[in-house]
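Novice: Structure incoming, see below.
The values are calculated or read from the model by the stated rules, or taken from the named source; none is laboratory data. Fair warning: this is a prediction, and the values are worked out from it, not measured in the lab. Because the Cβ atoms are built from the backbone with ideal geometry, glycine has one as well, and the counts that use them run over all protein chains shown. Side chains included, ligands, DNA and RNA excluded: accessible areas come from the protein's heavy atoms. Shrake-Rupley method; radii C 1.70, N 1.55, O 1.52, S 1.80 Å.
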Amino acid sequence: MANIVRHIIRNIFLVITIIFCLVYGLTLLVPFLNPQHWWLVGFLGLTFPYLFFLLLFAFFFWLIAKPKISLLPLLVLLLGYKQISVTFAANFTPSNLSIKPDSTLRIISWNVANMYGLSKNQETKQHNRTELARSVLDLQPDIICLQEFNHSFTRGENADNISLFSKKYPYFFYSKDYDKENGFYTSGSIIFSKYPLIDSGKTAFPGEFAGSLIYVDAKINNDTLRIFTTHLQSFGFNTADYAEMNKIKERDDEAIHASKNIFIKMKAAFTNRGLQADIVRRQTDSVKHPSVICGDFNDVPTSYTYFRVKDSRSDAFLKTGTGVGKTYSTLAPMLRIDYILPDTSIIVKQFDMVDENLSDHVMLVSDLKLK
């Protein structure tokens, strides 16, 4: 009787292992299928790290239970070497941001959540904007790229966020993707530089309030470096959406309706990011100078978005980071959606993530050296 039970359990685990292998195999197609046309692959891309660990567990389980079967999850895992290589970093020399290597350029990229932090208290918000600026300035960067940056041209000193940086970084380019009442409230991406800018530009993404790709050309000694920054389409979840996610987790009676609303937003975001990634790639392919792309892509390393934008570029986190490099504090435990991507003519000397608890994203800091 005991043998029959063990046989049944093994067969059940074998079926589960095969299902995991098949789904994992589908995730390997994600980088090649534009979600603008194949939006379901966007959901698949989010599952990769979890499927990786499940198959790793299956490998060890079968290695003990029936070693021959362990070859199945092992071989399938190895097929995903490309995705594995961009999901996990294995560099064990810690970065030290207090020391900036000689002849390097320090770049900061940060989604600053509208400059007012995570608090809902208005007085705290005013304090957070100056704390956030101080956190950046204390690291003495050469280039600062900020996404979800807001500024008012009409409301006075307490809403003049550009001046928090421009005293030390007089050269900047601001995208103003959203402009309310002729400068009363504006938001978008901004690049500050301590080096003179000899060119700048903006490519607006199609759609209302869809963001943009911006760039500056900084004159650094005898070199010209082009810095891009962008904020690609987010899921746009608000407080009500997070409440609906809790209904789904708790299997509330309204869970089906909640799931539908979340699904619609995610589908739209995957579709738009596919289009935006193609636009970014076209613009960055035409660059004749050394260049760096940084920003909030709102997508994981196994996505079409990441592979399309990155192409043959380096990923600063993968060069000197460790682990999975979570950059976004909510939704899931392994979301790396913010990046610094220098081209291959630039050496990554160090990279680190700084969490000041002033935004739902961490700050990315990298020291780069032009060859």
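Novice: Quick one: go through region 26-49 and flag any residue whose amide nitrogen is under 15 Å from the point 7 Å out along the Cα-to-Cβ line of A210.
Specialist: Residues passing the 15 Å test: 35-37.
Novice: Follow-up. Considering only the other residues whose Cβ falls under 13 Å of the Cβ of N298, what net charge follows from Lys and Arg at +1 and Asp and Glu at -1?
Specialist: Result for the local shell: -2.
Novice: Also, quick follow-up: Under a 1.4 angstrom probe, counting protein chains only, how are E356, E157, E148 ranked by accessible area, largest first?
Specialist: E157, E356, E148
Novice: Continuing with the same structure: Run through every distinct alpha carbon pair of region 269-371 and return the Kirkwood hydrodynamic radius in angstroms, one decimal place.
Specialist: Evaluated over region 269-371, this radius sits at 14.3 Å.
Novice: Also, I was wondering about something else. Accessible area per residue, 1.4 Å probe, Å², for the chain: what's the number? Let's see the in-between values first.
Specialist: Working: 18350 Å² over 371 residues.
So the chain comes to 49 Å² accessible per residue, rounded to a whole number.
Novice: Can you show me the helix-derived [θ] at 222 nm for the chain, built from DSSP H runs with n ≥ 4 at -39,500 (n - 2.57) apiece and divided by the number of residues, rounded to the nearest 500.
Specialist: -12000 deg cm²/dmol
Novice: Taking the Cα centroid of region 275-343 and of region 74-91, what is the distance between the two, rounded to the nearest whole Å?
Specialist: 17 Å
Novice: Can you put M115, M353 in order of accessible area, largest first, using a 1.4 Å probe?
Specialist: Result of the area sort, largest leading: M353, M115.
Novice: Mind grabbing the accessible area of S314 for me, 1.4 Å probe, Å², rounded to tens?
Specialist: Approximately 20 Å² of S314 is accessible to the 1.4 Å probe.
Novice: Same structure, new question: Treating each Cα of region 157-235 as an identical point scatterer and ignoring solvent, apply the Debye formula and state log10 I(q)/I(0) at q = 0.19, 0.24, 0.27 Å⁻¹.
Specialist: Scattering profile of region 157-235, log10 relative to I(0): -0.88, -1.16, -1.27.
Novice: Each label point is 7 Å from the Cα along the Cα-to-Cβ direction; what then is the distance between the points at S312 and L56, in nm?
Specialist: 3.1 nm
Novice: Still on this model: At 1.4 Å probe size, with the rest of the protein present, what percent of the exposed accessible area of region 6-99 is carbon and sulfur atoms?
Specialist: It is 79 percent, rounded to a whole number.
Novice: Assuming R0 = 25 Å, can you tell me the calculated FRET efficiency for the pair N3 and L74, based on Cβ-Cβ distance, to the nearest 0.05?
Specialist: The calculated FRET efficiency here is 0.40.
Novice: Does a label point 7 Å from the Cα of R10, set along Cα-to-beta-carbon, have any residues of region 46-60 with amide nitrogen under 17 Å, and which are they?
Specialist: 58-60
Novice: Taking the simple approach of a point 7 Å from Cα along Cα-to-Cβ for both R282 and T130, what is their distance in nm?
Specialist: 4.6 nm
Novice: Shifting gears a bit: Between F32 and D223, how many nm apart are label points set 7 Å from Cα along the C-beta direction?
Specialist: Roughly 3.6 nm, to one decimal.
Novice: Sticking with this one: Mean Kyte-Doolittle of at least -0.5 plus a Cα span of 18 Å or more along the axis: flag which DSSP H helices in the chain meet both, please. Walk me through the numbers before you get to the answer.
Specialist: Details: long enough: 2-27 (38 Å, 1.66); 48-65 (25 Å, 2.38); 122-137 (23 Å, -1.39); 255-285 (44 Å, -0.31).
Helices meeting the span and hydropathy rule in the chain are 2-27, 48-65, 255-285.
Novice: Grab the beta carbon distance between S163 and I19, set R0 = 41 Å, and tell me the FRET efficiency rounded to 0.05.
Specialist: E(calc), rounded to 0.05, equals 0.10.
Novice: Stretch D199-E356 to full length: gain in nm at 0.36 nm per residue minus the Cα-Cα span?
Specialist: Here the segment from D199 to E356 would lengthen by 53.3 nm.
Novice: Taking Rh as the Kirkwood radius computed over C-alpha pairs, what is the Stokes-Einstein D of region 71-228 at 4 °C in a medium of viscosity 1.567 mPa s, expressed in µm² per second? Walk me through the numbers before you get to the answer.
Specialist: On the way: Rh = 18.1 Å.
D = 72 µm²/s.
Novice: Still on this structure: Name the shape class, rounded, prolate or oblate, that the alpha-carbon gyration tensor gives for the chain, where a ≥ b ≥ c are the square roots of its eigenvalues, rounded holds for a/c under 1.5, and otherwise prolate holds if a/b is larger than b/c and oblate otherwise.
Specialist: Since a/c reaches 1.5 and a/b is larger than b/c, the shape of the chain is classed as prolate.
Novice: Two decimals is fine: what's Rg over Rh for region 311-363, C-alpha atoms, Kirkwood radius as Rh?
Specialist: 0.99
Novice: I've got another one for you. Based on the Cβ-Cβ distance of K265 and A65, what FRET efficiency does E = 1/(1 + (r/R0)^6) give at R0 = 35 Å, to the nearest 0.05? Working shown, then result.
Specialist: Numbers: r = 42 Å, r/R0 = 1.20.
After rounding to 0.05, the efficiency reads 0.25.
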